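Heads up, the thing below is written out as structure tokens.
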Amino acid sequence: MADAELSRTDGLILSSGRFFFRRRNQVFPIVFLALLLGLRPALFDDPALELANDGAALLLALAGSGFRLWTIGLAYIKRGGVDKKIHADRLVTVGMFGVSRNPLYLGNALVMLGLLVAIGNAVALAVGALFFGAVYASIIVAEERYLHDRFGAEYAAYCARVPRLWPDFSLYRAAARDMTFNWRRAIQKDYSSIGAWIIAFVAIEAVEDWLSKAGGFAVTDLAGPGAAILAVLLVLLAVRTWKKRDPAR
């Protein structure tokens, strides 16, 4: 179907998906920062409640990262496209792509949900979930349109047997048969994403600390978060150097 034949709503969703596919690395941090600073983290009076909230947030983010690593370690798809446009040389239907058509986006959604939970603000959680959910949905629609046009019946058959997002693990044995998990590729391809959400999590905790101390917050209070972020950046640099010297496939 040509773009001109789409309804106005479908055309808007498709255009939005293509836009956010190209600009998500710029738009997402800006929106997240606006939610963090504009709505501000909630300050729980009960330390146990604060710990439980942070624990739940961390578990969600770790689950998302783990799901992404699991996916990439079995079969990798470059989600950045070519020249920031949706592109695929082949249709990948094995590994985690054999149980979900969008396992990387599911992992992303879990990580983002974890960070929104960490903010602890109900409005930020609701607004953020609606925004990021709508954006990922539009990107998926745009990718599906491209894949349908490029792979036709092969992609239609794939859609018929594999769910769009939530995995059907009854398909896993057949999808991952004779596949070997590639830890080196998983780490080298996803280290920057992991580092980004860890830094964001530390930043949220730093903002919460600043708000809790109000006028009593001192520059020295930034030493802990600053050291943590520096440590993450050094690890990212080390992995980047390793990747350049010995790239995984």
Exercise. So which of Leu12, Leu59, Leu36, Leu49 is in a helix (DSSP H, G or I) and crowded, with 17+ Cβ neighbours inside 10 Å?
Worked result: Leu36
Seminar exercise, completed: Considering residues that are part of a helix (DSSP H, G or I) and either aliphatic (A, V, I, L, M) or farther than 17 Å from Arg101 by Cα (or both), the number found within region 169-186 is 7
For this session: Report the residue count in region 215-249 for those that are of a type in the set (Lys, Arg) and part of a loop (DSSP other than H, G, I, E, B).
Result: 1
Exercise. Quick one: what pairs do we get from region 219-235, first residue over 17 Å from Glu208 (Cβ atoms), second surrounded by 13 or more Cβ atoms within 10 Å (Cβ to Cβ), C-beta under 6 Å, 6+ apart or different chains?
Worked result: Val232/Gly195; Val232/Ile198; Val232/Ile199
Problem set entry | Matching entry among Arg240, Arg184, Arg164 (being surrounded by 12 or more Cβ atoms within 10 Å (Cβ to Cβ), touching a Lys or Arg at 6+ places or on another chain (Cβ under 7 Å) and not hydroxyl-bearing (Ser, Thr, Tyr)) | Arg164
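Condition first: over 18 Å from Gly107 (Cβ atoms), loosely packed, with under 13 Cβ neighbours inside 10 Å and over 20 Å from the mean Cα position of the chain (by Cα). Can you find one or more residues in region 197-210 that meet it? If you could, list the steps in order and put the result at the bottom.
To start, the set of residues in region 197-210 that are over 18 Å from Gly107 (Cβ atoms) comprises 202-210.
Now drop any that are not loosely packed, with under 13 Cβ neighbours inside 10 Å, which leaves none.
No, that holds for no residue.
Let me confirm something: among Ala137, Ala118, Ala109, which residue is of a type in the set (A, V, I, L, M, F, W, C) and out of contact with any helix residue (DSSP H, G or I) (no Cβ under 7 Å at 6 or more places or on another chain)? It would help to see each step written out before you state the result.
On the way: Ala118 fails: out of contact with any helix residue (DSSP H, G or I) (no Cβ under 7 Å at 6 or more places or on another chain); Ala109 fails: out of contact with any helix residue (DSSP H, G or I) (no Cβ under 7 Å at 6 or more places or on another chain).
None of the others qualify; the one that does is Ala137.
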Problem set entry | Members of region 126-185 found to be among the basic types (Lys, Arg) and free of Cβ contacts under 8 Å to residues at least 12 places away in the same chain, listed by number | Arg161, Arg173, Arg177
Problem set entry | Meets criteria (exposed (fewer than 13 other Cβ atoms within 10 Å of the Cβ) and out of contact with any strand residue (DSSP E or B) (no Cβ under 7 Å at 6 or more places or on another chain)) for Gly152 | yes
Exercise. Does Ala124 meet the test of being crowded, with 18+ Cβ neighbours inside 10 Å, assigned to a helix (DSSP H, G or I) and among the aliphatic types (A, V, I, L, M)?
Worked result: yes
Exercise. Any idea which of Ala160, Ala174, Ala206, Ala153 is of a type outside the set (Val, Ile, Thr) and farther than 21 Å from Leu91 by Cβ?
Worked result: Ala206
Exercise. Is it the case that region 87-95 has a residue that's in a helix (DSSP H, G or I) and surrounded by fewer than 23 Cβ atoms within 10 Å (Cβ to Cβ)?
Worked result: yes
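Residue-wise test of (1) at positive phi; (2) touching a Gly at 6+ places or on another chain (Cβ under 9 Å); (3) of a type in the set (A, V, I, L, M, F, W, C).
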| position | (1), (2), (3) |
| --- | --- |
| Leu165 | no, no, yes |
| Arg173 | no, no, no |
| Trp183 | no, yes, yes |
| Ala186 | no, yes, yes |
| Trp197 | no, yes, yes |
| Lys213 | no, no, no |
| Ala223 | no, no, yes |
| Leu236 | no, yes, yes |
| Arg245 | no, no, no |
Exercise. Being hydroxyl-bearing (Ser, Thr, Tyr) and crowded, with 18+ Cβ neighbours inside 10 Å, is that true of even one residue in region 133-142?
Worked result: yes
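Where a number appears in this text, it was derived from the coordinates with a stated rule and is not lab data. Everything numeric here is computed off the predicted structure, so don't read it as measured data. In this analysis, Cβ positions are derived from the backbone assuming ideal geometry, glycine residues included, and neighbour counts consider all displayed protein chains.
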